[in-house]
1. Heavy-atom accessible area per residue, the stretch 640-753, 1.4 Å probe: how many Å²?
2. I need the phi-derived Karplus couplings for the stretch 690-707: 6.51 cos²θ - 1.76 cosθ + 1.60, θ = phi - 60°, integer Hz, Gly and Pro marked x.
3. Where the convex hull is taken over the Cα atoms of the stretch 686-768, what is its projected area averaged over directions, in nm²?
4. Go ahead and run the numbers for FRET between I710 and S605, Cβ-Cβ distance against an R0 of 45 Å, rounding to 0.05.
5. Gap in Å between the Cα centre of the stretch 195-251 and the Cα centre of the stretch 769-822?
6. Tally up the carbon and sulfur contribution to the accessible surface of the stretch 138-244 as a whole percent, 1.4 Å probe, everything protein left in place.
7. Please give the FRET efficiency for S145 paired with A615, using the beta carbon to beta carbon distance and R0 = 41 Å, rounded to the nearest 0.05.
8. If I model a spin label as a point 7 Å beyond the Cα along the Cα-Cβ vector, how far apart are those points for I687 and L738 in nm?
Amino acid sequence: MKRGGGYFLSALVFCLLLSAFTASIRTLPQESETESATPTVSDFFFPTPTETETETESPPETWTPTETVWAALTETETLTDAIEATRSETITETLAPTLTETSSESPTETPTGTMTATNTPTAPAAPPWVVISEVAWAGTAASSSDEWIELWNPGAADVDLTSWMLTDGGDIHADLGGTIGAGGFYLLERSDDTTVSDIPADRIYTGALSNSGESLFLYDPTGKIADSANGDGGPWPAGQAASAAAMERTGDGSASDSSWCTNDGVHRSGLDAGGNPIHGTPRQSFSGFCAVPTPSRTPNRTSTSTPTLTGTGTATETGTPTTTPTTAPYDPQSVIISEVAWAGTAASSSDEWIELWNPLSAPIDLSGWTLTDGGDIHIALGGVIEPDGFFLLERTDDGTVSDIAADQIYTGGLSNGGEILQLLDPSGRMIDTANGDGGPWPAGSSAPVPLSMEHVSGGAESDSSWCSNDGLHRNGADAAGNPINGTPRSAFSGHCGEVTPTRTPTTTPTPTTALISYPSYSVIINEVAWAGTAASADDEWIELWNPGSESIPLDGWVLTDGNDIEIHLEGSIGPGEYFLLERGGDESVSDLTASQLYTGTLSNSGEELRLWDPAGNVIDSAGGARWPAGAASPVYASMEQATIDPPSWMTNTGWVMCGRDARGEPIRGTPGRANSALFPTPTATRIPKGVLINEFVPKPGSDWNHDGSIDYYDEFIELLNTNSIPVDLGGWMLDDALSGGSRRYVIHPGTMIHPKEYLVFFRSQTHLALNDEGDGVWLLAPDGRPVDGMLYTRTRWPDSGWDRFPDGEGKLRLGFPPTPGEPNRLPPDLLNPKPKPHVVIAEGWREVDCASSDAPVAVGGGFLTTGGEESTRMAESYGWFTWRNGECFAWTAPRIFGRSADPMKIPEVGSSDSGLGWWWEAWYLQ
């Protein structure tokens, strides 16, 4: 069922139903006990209600559409149909005038006393109803971390979401806000607003959903559960990790597992952070189509048969019925994966195609069938495959087999190293496989010419079921007009071939181009991002460069690692130009268009890349048993060629960078431009000492970033330039650890900090978590060297900042009021500082410096002050109470494990220090 439409009629029906069933619902002891026993969020997150809040007497005002109420409603079939009709966008106009008639003509199913007009004026209005309508627990194709959740208001009135909350009872605790319009949607995106890149989020949240399953609960402002998703726990009832398909609410009015289904990957909306279509419908109605039919749901509604509701409650068929896909399992090999061109064609290695065959004597409707590799290929099939007929799937567009029309287009790529293809019927049963036992492809070839892999026999699939096309018995033409070495939409040729370069077909165009030899380094492997990027270690990219003065056609050239990477290059590379190859998709370098895409992966431990010209000469190579340069996590720096002959390599310096990763952050490399190795080495003046961390706040208590909420996003780090010249901070980094910990925040290129200027970086921007119990805060140069920072200890009170006072001077000390972007100032009780007490050290005692490396182990705990928080902050700011790694106390209370210290050995406090408005005591370790 689709969401939306008919809300006025829906509201009217609910008012009538509620008035009719209010009395019976109130008198159901079992239901009331169940409701009262339901745990509410108020026990944990909401303040204790005041007396006025507890005087609520009207149960309907806190009524929520639980499964119990829905179960009561479904006792009357015709009323349920009416409710269902008001919430469906596919209802015909004949439904509206039959609503009253339906109610009156079902006396045996609906008690007549429940629909009297006398109840209507006194029926209380239904409370706001908001449901969890879609959950993308698997993220998106761009990143499994890019999760999102959608709420839906099925009512006829706007709902204020202030004080509503969505939680999984763990690390997700989203305090909602704003308004969700009648029939509207509310989109929550994890971490930032790029998860659904073309649709703005209504709320950003943190935390993660486990792929193995969690329970999501939506609480209204009273602390009652308004709705849930996977409320009974266990695995997710729908959605898929392999294809990043969302879990959609079908709209049957319940929160049970049967009310969810997996997006079919065809009816979808929105783009992910990499620009790929999202397998879901964010901020849109349920698509009405599921990837695999749920057994408890009604048959597929795409049939042209349109039922018309009549007064007798029967459905009259209009139009000619068409075949409805059955959910009954098919027999194995009732449809066969008959041919796989995993190596593409001579025109392009990306021009892959797959053929299915129906060996039966009856047609088969492929609606609801799925063909998948468990990764980026997930094809929701459609259409009919005739008896002994073929079904041709072409990758990306219909130009792969240029003279034969495709039955369906798909996306994703097959690895030349081998994958497993699985064909599933609508029930999810596996019908056939290709390379089902994994490992390398059992047949087919990518070099020297691409050959398809043909299925030679029926029965259960095995490696012996396949052979390579012989290159002679073939049909079809590729995108360039060359004969295809396979038999698309034709039966198996009956001939198997071996990989041999001796074939000389007369139809091969321009055979002389394959004989051209090029000198060494005419095209060079200029840069290799073998570690990927900070957005994803899978986002590898490779750059070629033409150092000559003439353009070079790349057709016939091959770049390979001798393993799963074999790139048959296309196009040309002009003089002095760069040729960018991106792995998988075009989002690895999100702001530059790839010259060509490839599959396969580079090992971080090292590989050797070789570039071959059409004559089979190695023109250049890169790498070896170990990569000579580059860096993996957390730097993700590319490997750049510094000199050509002899070749030498170096890691990107961080001073010269270009390009942005899939998350929009700067790439530590130079795709599409000269390597950083060719630029002069920066002098020490590029890292001025006068740029300092001037203030940071780990435990905010105010809305410092002015986003309308007081939360951990208000944590901030403030930098100050004490120099008399501006400094470019592009490439500098902020982190909470010198190694490991959170992902470093890289300051965008061109970020200038002028003399005596403050720059503030909030957690909402950096995603660096400054822990209240103690952590680190560091400013790093582009090469990773620490410029400024410290390890800090516990921060007890909100809005207690670590500041330098005066600005830029001394150490960072705790106890100052936050002043983001402004000069630091003393706390109110230190504006008129009181004199430090005069202490006389008793005989046998000595002063302890907790910062020294030989500091003793603590023997006391806690401290005593009077005058409240400000006095304690004052004591700390003066250093009268400090500690080192939680072990050494320089000033503490005069008690040792509950026993008073020897009064003769407690330092004496001068009488002139009394009456200062607070009490201070100290003793020294003996």
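The values are calculated or read from the model by the stated rules, or taken from the named source; none is laboratory data. Please read all numbers here as calculations on a predicted model, not as lab measurements. Reconstructed Cβ throughout: ideal geometry from the backbone, glycine too, with neighbour counts over all protein chains shown. In case anyone asks, the SASA skips ligands and DNA or RNA and just uses the protein heavy atoms, side chains included. Shrake-Rupley method; radii C 1.70, N 1.55, O 1.52, S 1.80 Å.
1. Details: 4770 Å² over 114 residues.
Accessible area per residue, the stretch 640-753: 42 Å².
2. Residue by residue, the stretch 690-707 yields x, 8, 10, 7, 9, 6, 8, 10, x, 10, x, x, 9, 7, 6, 8, 6, 9 Hz.
3. Working: hull surface 23.0 nm².
Over every viewing direction, the Cα hull of the stretch 686-768 projects on average to 5.7 nm².
4. After rounding, the FRET efficiency stands at 0.45.
5. One Cα centre to the other: 37 Å.
6. Details: 1680 of 3630 Å².
Roughly 46 percent of what the probe reaches on the stretch 138-244 is carbon or sulfur.
7. On the way: r = 46 Å, r/R0 = 1.12.
The value I calculate is 0.35.
8. Between I687 and L738, the simple spin-label model gives 1.2 nm.
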